[in-house]
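Worksheet: the structure to be examined is printed underneath.
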Amino acid sequence: MSDATTDVGTVSLPFATGEAAAGPLTWAQSVMWGPMQWFGKEANQFNIGEALVLPAPVAAARLHAALRTLIEAHQTLRTRYVDRADQPQQQVAAAGAYDIVVVDDHGDPERVGDELVATLTATAFDHEAEWPLRVGCVRDRAGRISAVALVGSHLAFDGWAFNTLTALLRGRLTDAPSPQETPTAGSGAQPLAQAAFQQSTAGRQQSRLGLRHWEQGLSAAPASMFDLPRAVTGDQPIERHLLDSTAVTAAATALATRTRTSFSTVLLCLTTLVLTAYNGHRTGVFKLIAGNRLDRDSRDLIALNTLDALLVHRVDEDADLLTAIRQLHRPAFDAYRRAPCDPAGVRTVVEQVGRRRGVAFDLSAYFNNGHRGSDWATADPDPGPDRLAVLRRDSRYSRLEPLSKSDMRFYVAASNLGDGRCRLGLLVDTAYLPGGLGETIIRGIETLLCQAVTGAVRVAEIADRIGLTPAHRGPDWVSTPAGWVRPQAVAELVGEVAGAAASAEPSAGGGLTAYVSGSCSPEELHRRVLDALPGRPGLVAPTEYVICGSAPPTGTGADAWRAGPVLARGTGRDA
């Protein structure tokens, strides 16, 4: 086994290169750090895994040489992520060792490889104690490696980086062996260099442009896409749906060609229109998972590089679907273009704009085009209705095990399975999208794509076309610039923070006026309301507070509050 030391079920693979170094997290790592801490042991759901079944078994020494070369060449593979006084760092080791799990293939390397990936994926990474890549190898009776299992932490890899790594390793194990593997440590793009650029003058300027985009978008965005009546859920409220479909590939490709946009824009448009058709919004707000692989260095970077892009888009209900796709293309492009920025700055902007508008933003609707590149191979570049019907018969719908929690309430992802099929994934929080809505939505996206290829589809028709029943809000809900609100719920919140009786009613300009008994000033009351808003979609701060000397009798309406003595009134906002 070359210089690797055999242990029971594992081999130790040492590496050594360069000097140890440390630095701040990159922007992308910082975005992922928070969810990793929040999910804790359940962060294993973010793990990325793949089994590489080799066309011909290779000697273990060749695998070890290939792995060592990659580990020494790419900082990510020898990095630990540590929290030091709430300042997380990436610490790159100059030397160390990987423990590689070894199992027998029992004559079925594909099955055993998949099982090994599942085993290595089952637990969350301890980023301070282990490398962000787990490696296992499957060996045949002769001791040769027939498959390799790789599992990476999402703090270290996005899909692009992980696919790059697996492609490099596959190439080293399937090409003619080189007489000498020469490490290229420090060459190419590296995470520490990326972090240094982001702290530089040029990086800060790039961030300022991105933060300006967030500020402008949030100034016109609804506070939440989920200002909806809540449904009762069980212990596993997060549903996950999958649809594998060649019809989606063919139809979305055709629509992208007709509209001169892109496959991603088409799917994003359908995603936005379906959710707004359900929640009754005229403006959609989404976080887009942005890969930011815009140049050679970033494309070669084996590290997490995804950031959140902000899309705020006004829906034209009078448009047809092709027009809607064209209308979305430029805002989506701008969102992706402005994604690179400091996530700490984003959090500040989100809070500042929210407090200025009297809302706590709930940005929990996501879209992710996970396909690498823009080419979606399809044998049907312009399919007719009969051909689409045939393709749809081969679509496969399935459901994954539900989750107990997620920081997303709605998430649509697209990936290319490589054989003409698009895999659509959908995550929904059943507190806001209950019953069979998940399946209706994911199948509905396919339906709308196919119908738009063969005929005109109006945006206003979307819900009826796919059998989607829009969310029911009673007459006590009102539409405001920040979204849908129940004045009674706002009154209850104001009364809660004031410790007194309160009432609320719509006011001119689409806002709310709150009446409350007691001696609290409008400014203090507004601060308390703002502090209580996070985690409560469907609530906004009143635009005016009226402090009354006493509360009218229980059950009386707003007229009684208006007729009472007034101690103070005001917006509560700073001048």
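Summary of values
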read-out	value
Derived scalar couplings ³J(HN,Hα) [the range 542-553; Karplus, 6.51 cos²θ - 1.76 cosθ + 1.60; whole Hz; x for Gly, Pro]	x, 7, 8, 10, 10, 8, 9, x, 7, 8, x, x
Measure of compaction for the range 111-249 (Cα Rg per 2.2 N^0.38 Å)	1.55
Residues residue 417 and residue 140, FRET efficiency given R0 of 35 Å [Cβ-Cβ distance, rounded to 0.05]	0.80
In the range 210-268, the trypsin sites (Lys or Arg not before Pro) that fall in loop regions by DSSP, at most 10 other Cβ within 10 Å	260
Sorted by Cβ density within 10 Å, fewest first, the residues 32, 408, 225	408, 32, 225
Positive dipole terminus of the chain, leading residue within 237, 322, 138 (C-beta point charges)	322
Rounded to the nearest 20 debye, dipole of the range 1-115 from Cβ charges on Lys, Arg, Asp, Glu	440 debye
Shape call, the range 225-378: gyration tensor on alpha carbons, a/c limit 1.5	rounded
Pair residue 196, residue 394: separation of 7 Å Cα→Cβ label points (nm)	5.1 nm
Check: the range 478-570 dipole with +1 on Lys, Arg Cβ and -1 on Asp, Glu Cβ, in debye	60 debye
Kirkwood Rh, Cα atoms: Rg over Rh of the range 200-466	0.96
Percent antiparallel among DSSP beta bridges (both partners in the chain, rounded to 5)	80 percent
Only Lys, Arg (+1) and Asp, Glu (-1) charged, at Cβ; the chain dipole about Cα centre in debye	1120 debye
Computed label-point distance, nm, for sites residue 233 and residue 56 using a 7 Å Cα→Cβ extension	5.2 nm
Inter-centroid distance (Cα atoms) of the range 326-356 relative to the range 209-268, Å	15 Å
Charge tally in the Cβ shell below 14 Å around residue 219, where Lys, Arg are +1 and Asp, Glu are -1, residue 219 excluded	+3
Gain on full stretching of the segment that runs from residue 42 to residue 356 - 0.36 nm per residue minus C-alpha separation	109.5 nm
Viscosity 1.567 mPa s, 4 °C: Kirkwood-radius Stokes-Einstein D of the range 465-565 over Cα pairs, µm²/s	91 µm²/s
Cα gyration tensor shape of the range 5-120, rounded if a/c is under 1.5, else prolate or oblate by comparing a/b with b/c	oblate
Zone residues, the range 44-72, relative to residue 163, backbone N less than 19 Å from point 7 Å out along Cα-to-Cβ	46-53
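Each reported figure results from applying straightforward, stated rules to the coordinates on display, with no laboratory input. Every value quoted in this text rests on a predicted model; they were computed, and no experiment measured them. So basically every Cβ, Gly included, is an ideal-geometry build from the backbone, and we count neighbours across all protein chains shown.
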